[in-house]
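Only one structure is covered here, and it is reproduced in the block below.
The values are calculated or read from the model by the stated rules, or taken from the named source; none is laboratory data. As the structure is a prediction and not an experimental result, all values here were calculated from the model. With ideal geometry, Cβ positions are generated from the backbone for all residues, glycine too; neighbour counts draw on all protein chains shown. Quick note on the areas: whole protein, heavy atoms, side chains included, nothing else; ligands and nucleic acids left out. Shrake-Rupley method; radii C 1.70, N 1.55, O 1.52, S 1.80 Å.
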Amino acid sequence: MPMEKTFNAAEAEARLYDAWEKAGCFKAGANASRPETFCIMIPPPNVTGSLHMGHAFNNTLQDILVRWHRMRGFDTLWQPGQDHAGIATQMVVERELAKEGKSRRDFTREEFLAKVWEWKGQSGGTIINQLKRLGASCDWSRNAFTMSGAPNAPAGEEGNFHDAVIKVFVDMYDKGYIYRGKRLVNWDPHFETAISDLEVEQVEVDGHMWRLRYALENGETYEHPVEWDEDGNPTAHETRDYLVVATTRPETMLGDTGVAVHPDDPRYRHLIGKTVRLPLCGRSIPIVADEYADPEKGTGAVKITPAHDFNDWEVGQRTNLRAINVMTTRAAMFLKDNPEFAEGCDPDLVAKAIERLDGIDRYEAREAIINEATDDGWLDGIDSDRHMVPHGDRSKTAIEPYLTDQWFVDTAKIVGPALDAVRKGETKILPEQHEKVYFHWLENIEPWCISRQLWWGHQIPVWYGPPLASKELSQRSYDLIAQMDAAEIEKDKAKQDEIWSELDQVLRQLETQETILFCASSENEVQKQAEKFYGCPVTIDWGGSDIADLSTQQRYRLGNRQSGGWYKSGNSQSVDVVNLERDPDVLDTWFSSGLWPIGTLGWPEQTDELNKYFPTDVLITGFDIIFFWVARMMMMQLAVVDRIPFHTVYVHALVRDEKGKKMSKSLGNVLDPLELIEEYGADAVRFTLTSMAAMGRDLKLSTQRIAGYRNFGTKLWNAARFAEMNGVFEGYARDGTVPQPTETVNKWIVGETARVRQTVDEALAAYRFNDAANALYAFVWGKVCDWYVEFSKPLLLDGSEAERAETRATMAWVIDQCLILLHPMMPFITEELWGTLGTRPKMLVHADWPTYGPELVDPAADREMNWVIGLIEEIRSARAQMHVPAGLHVPVLQTGLDAAGRDAWARNEALVKRLARVESLTEVDTLPKGCVTIAVEGGTFALPLADIIDVGEEKARLEKTLAKLEKELGGLTGRLKNPKFVESAPEEVVEETRDLAAAKTDEAAKLRTALERLAELA
RNA sequence: GGGUGAUUAGCUCAGUGGUAGAGCGCUUCGUUCACAUCGAAGAUGUCGGGAGUUCGAAUCUCUCAUCACCCA
């Protein structure tokens, strides 16, 4: 049964992938035949994710390297996995709950986490199946997950990534690389969690700049310029008893604790140290000097809200201003029960502000405040203003700088080795320009906020215990409680009150002491530490405790997050008991992803895989996560195991739409790789991406291009089909032995194959994926299909038995080489052909990658076939231009052909005749006048078509060719005449130029002769 | 504002000092038994502008213009 005319990708892909998996072809070490290892860690997609074009590109490149190394016999591992994507996953599950009218808060933390795991079990494998559709040859038996082995993980989610994360946190904490601190962080009011500065996007929005008047206190005034001369010097002033501050965020004014002016600003210099009265609440706030206030911008006076703005925080730190938080975790106004806010304000105004503003959303508050300012006359004006507003990259809501306790990695302490490794070239970043980006970011690195107020994630392994009371205070509290007991017995109310009052003071003193932190990787360890510290039994509350159930807002109010047991309890029992509570927060997902290289290999256990594959080889990733992930992996691996995680980072570009726009859902220009795979086949999609993967340049993807590479697959398919139909694979040895042909065409194609093998290997070794793809495209289509298959026809159809046998063997080998070399890029169609064309000892995925090289190139055969190809092209071109009917076989004349030409013709007569539609070749001394002339190296050919050709047209054709030739010749001789060129250019360049000039001169002479003949005719 | 990159055929892009290229599209011709998802032939370039280095510049340097991205 003959093969189908095209490859049925839809039918074959799933079947082939299944066969590979069933045979364990992708398992770590499969097909290994040499000691070297090769390991790639997949950049873990979100467990909520689905395959987009960027994934398709990224994983295609990884798969090429992995399949290439596996075929070359390296002990290869492509480690797959997903990350748990804290916010994104929690968002997805909460959305599911919302459909049932429920929220996360309707469940306990444990219940909610069970739901997340349940969701993960059902939907978390989506992207795995999509990667399989693409053909990704990952070792799925090792699929990793950044939450595997977490305490609440269900069966099937074992693994020890959790252990790795916790151990690293503890190690880094012990080394002093991680600390807890009250700092301004980027707060996402939608998810009510801190996020890192990398998760913040600056979005330009049209907004307003509101000018507000803050009254100067104690009768102070200043002169405000109102008229200026031509040079901009003020010529008239007005006296003002207020300062005008400009702000884009009036709602923060309730937290203002100062107004900053530039120390050298002549308008305000004398006011520094004086105060203004804050409208709405009557707080008296100082005017401070700080260079942050730009005299050129706005009014030169800036309201300072340290608790709600990063710049203001800095100013506040420098000038000793209070930081007053006036918002809740949902960015509503927080005024009631907020002693910080009320302190120093007019109680009546505070009551009024609470009544009007407490609990309302920040944007409503903004409006209300502006209305009030308008009504009360302290709104100075409104200007429209376009400015950048930070937004959460997940929630898309404006983030709020917010003052909370968070955990930070002190990145400055671990950045050094990560910088050095790249500086010294231990890790290379390609393309090189990205090294600059890497350096720039790391050299200016900020502390990394790693705590998140979420439930889904690795809970921070820190427990809080009560402060240890001093002996005196402890004793005093014992005594007081004893007295209280006595008073209780005596029912002496006055005495009880007196004791309570004193006890209250003791308690206050205890409260002001620091909470005790215990950081350890296990409950046992924490308990041991705590018991040693307190010298008494310790119980541990493992979450779900009071604190964990408090809203984050309530926790904020608690400030120092004191835990249940305040102090050594002072009852009359002889044994004291201390209760510890765990920090309810979880770690940033990127903290766990940062351990991907070691974590997936089983660290902290010293597994065989860890010893074998770490450090890994190449990381292939998009530039958008250089900071998020690459830099952090470098820092963390070096900090934890003191080794680089990989020696090469290949940073690929962005896949855009065909107009160059970033693909986005809102623009609707997203190309879905799965749809493309369905329409064109995975191989076409892969090959397209590969051929466009020039380093450092974005890809503009069009379906037309994909269709083109689908056609390429069909072309290969049909070349194989031709071979199969001609019995090429019957009796073929299939042991990979390079054929030793005697026919020139066969020698030639063997050499061409050897060349492309070398080109492909060199290109892949240099991560020049597009060069490899394009070389193969040019070889398979341009050499094998266009020429070799055609050349083989006379031999296969009309050749002698020996010629037939030799050509069959050569063609079988050549097609096998095409399949092998193309396999990493087009795994499906090549594997299918491999199986179709014969019975093989191994599947193509494990076929041996060839090592032959230029030694297979036969220069004489090469020269000869190029001459034959040139001759055929010339004859075809002349025929087409002279309108010779396509089907007509024409006689050809030849004159002055040299020995090489005669030999070439003799050996390849059948080929030329067939491909150029030549009827006969006759040698003549002089060419007839009316003929089409073809000048080639070593002789002149002509088509005697006096009755067909148009003399004018032939003349024009020859003149055009001649003109082009002469132009080239002009350049060449110009250079050769220049003595400096001959002196300074490399010898081979000069030699090459001379040869070329000679050949062109020769050809030009022949054309001139032809033109003369034509002239005689006319 | 700071940084990085780009500008080459109608379109998308290769090409880092030595004869300007590919694919797609376009025009003409062709169903000869691998393939019409095909074949043959053809047209199309002041390599963004200017200056410099060099025997020689698309390529190196400077400068201007335009565009894109990243960071503030």
Residue list for the stretch A:124-137, filter: free of Cβ contacts under 8 Å to residues at least 40 places away in the same chain and in a helix (DSSP H, G or I): A:N129
Any hit, the stretch A:746-768, residues being open to solvent by 10 Å² or more (accessible area, probe 1.4 Å), of a type outside the set (G, A, S) and on the phi > 0 side of the Ramachandran plot: yes
Any strands (runs of 3 or more DSSP E) falling wholly within the stretch A:203-272 and containing at least 2 residues that are of a type outside the set (A, V, I, L, M, F, W, C): A:222-228, A:234-240, A:242-247
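For every residue, the table says whether it meets (1) away from RNA strand B (no atom under 16 Å from the Cβ); (2) surrounded by fewer than 23 Cβ atoms within 10 Å (Cβ to Cβ); (3) at pLDDT below 85; (4) more than 31 Å from the chain's Cα centre (by Cα).
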position: A:D546; (1), (2), (3), (4): yes, yes, yes, yes
position: A:R561; (1), (2), (3), (4): yes, yes, yes, yes
position: A:G564; (1), (2), (3), (4): yes, yes, yes, yes
position: A:Y567; (1), (2), (3), (4): yes, yes, yes, yes
position: A:Q573; (1), (2), (3), (4): yes, yes, yes, yes
position: A:W596; (1), (2), (3), (4): yes, no, no, no
position: A:E605; (1), (2), (3), (4): yes, yes, no, no
position: A:D624; (1), (2), (3), (4): no, yes, yes, no
position: A:V630; (1), (2), (3), (4): no, no, no, no
In the stretch A:286-315, the residues that are over 29 Å from A:D348 (Cβ atoms), surrounded by 19 or more Cβ atoms within 10 Å (Cβ to Cβ) and within 41 Å of the chain's Cα centre (by Cα): A:D290, A:A293, A:W313, A:V315
Single residue of the stretch A:691-706 satisfying the filter (more than 7 Å from RNA strand B (Cβ to nearest atom) and outside any loop (DSSP other than H, G, I, E, B)) that is farthest from A:L674 (Cα to Cα): A:S691
Failed condition for A:W717, given (1) within 11 Å of RNA strand B (Cβ to nearest atom); (2) assigned to a helix (DSSP H, G or I); (3) under 26 Å from A:H69 (Cβ atoms); (4) in contact with a Phe, Trp or Tyr (Cβ under 6 Å, 6 or more places away or on another chain): (3)
Boolean, A:F687 is away from RNA strand B (no atom under 12 Å from the Cβ), at pLDDT below 95 and of a type in the set (F, W, Y): no
Single residue of A:R318, A:R283 found to be of a type in the set (D, E, K, R), surrounded by 20 or more Cβ atoms within 10 Å (Cβ to Cβ) and over 29 Å from A:V226 (Cβ atoms): A:R283
Output for the stretch A:646-671, where each listed residue is more than 13 Å from the chain's Cα centre (by Cα), at pLDDT below 90 and open to solvent by less than 50 Å² (accessible area, probe 1.4 Å): A:D657, A:G660, A:M663, A:S664, A:N669, A:L671
Conditions (1) within 16 Å of RNA strand B (Cβ to nearest atom); (2) modelled with pLDDT of 90 or more; (3) open to solvent by 10 Å² or more (accessible area, probe 1.4 Å): number failed by A:R643: (1)
Number of the condition not met by A:I354 [criteria: (1) assigned to a helix (DSSP H, G or I); (2) in contact (Cβ under 8 Å) with a residue 40 or more places away in the chain; (3) aliphatic (A, V, I, L, M)]: (2)
A:D816 modelled with pLDDT under 90 and either assigned by TED's automatic domain parsing to the domain that holds A:G751 or under 20 Å from A:R686 (Cα atoms) (or both): no
Inter-residue pairs, beta-carbon under 8 Å, first charged (D, E, K, R) and in the stretch A:166-178, second assigned to a helix (DSSP H, G or I), 6+ apart: A:D171/A:V640; A:K175/A:A639
A:G54 being surrounded by fewer than 21 Cβ atoms within 10 Å (Cβ to Cβ), in contact with a His (Cβ under 9 Å, 6 or more places away or on another chain) and touching a residue at least 12 places away in the same chain (Cβ under 8 Å): yes
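Each row is one residue, and each column tells you yes or no for (1) under 41 Å from the mean Cα position of the chain (by Cα); (2) aliphatic (A, V, I, L, M); (3) more than 17 Å from A:F791 (Cβ to Cβ).
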residue	(1), (2), (3)
A:W834	yes, no, yes
A:L837	yes, yes, yes
A:R840	yes, no, yes
A:L844	yes, yes, yes
A:V868	no, yes, no
A:S877	no, no, yes
A:Q881	no, no, yes
A:V884	no, yes, yes
In the stretch A:963-978, the residues that are of a type in the set (D, E) and more than 10 Å from RNA strand B (Cβ to nearest atom): A:E966
Residue that is surrounded by 17 or more Cβ atoms within 10 Å (Cβ to Cβ) and outside the structural domain of A:D312 (by TED's automatic domain parsing), where the choices are A:V245, A:V259, A:V168: A:V168
Unique match (being over 38 Å from the mean Cα position of the chain (by Cα), within 19 Å of A:P250 (Cβ to Cβ) and open to solvent by 90 Å² or more (accessible area, probe 1.4 Å)) among A:E355, A:E340: A:E355
Options A:E1012, A:E988, A:E966; residue that is within 49 Å of the chain's Cα centre (by Cα), open to solvent by 60 Å² or more (accessible area, probe 1.4 Å) and assigned by TED's automatic domain parsing to the domain that holds A:A946: A:E988
Checking A:M147 against (1) in a strand (DSSP E or B); (2) crowded, with 17+ Cβ neighbours inside 10 Å, the condition it does not meet: (1)
Subset of the stretch A:1-46 [aliphatic (A, V, I, L, M) and either surrounded by 14 or more Cβ atoms within 10 Å (Cβ to Cβ) or within 27 Å of A:H84 (Cα to Cα) (or both)]: A:M3, A:A9, A:A12, A:L16, A:A19, A:A23, A:A28, A:A30, A:A32, A:I40, A:M41, A:I42
Any strands (runs of 3 or more DSSP E) falling wholly within the stretch A:362-481 and containing at least 3 residues that are in contact (Cβ under 8 Å) with a residue 60 or more places away in the chain and open to solvent by 20 Å² or more (accessible area, probe 1.4 Å): A:379-392
Matching residues in the stretch A:720-751 - criterion: being part of a helix (DSSP H, G or I) and either of a type in the set (F, W, Y) or within 10 Å of RNA strand B (Cβ to nearest atom) (or both): A:A720, A:R721, A:F722, A:A723, A:E724, A:M725, A:W748
Number of positions in the stretch A:894-926 that are open to solvent by less than 20 Å² (accessible area, probe 1.4 Å), in contact with a Phe, Trp or Tyr (Cβ under 9 Å, 6 or more places away or on another chain) and not in a helix (DSSP H, G or I): 2
Sole exception among (1) within 30 Å of A:W119 (Cβ to Cβ); (2) touching a residue at least 60 places away in the same chain (Cβ under 8 Å); (3) in contact with a helix residue (DSSP H, G or I) (Cβ under 9 Å, 6 or more places away or on another chain) for A:R183, by number: (1)
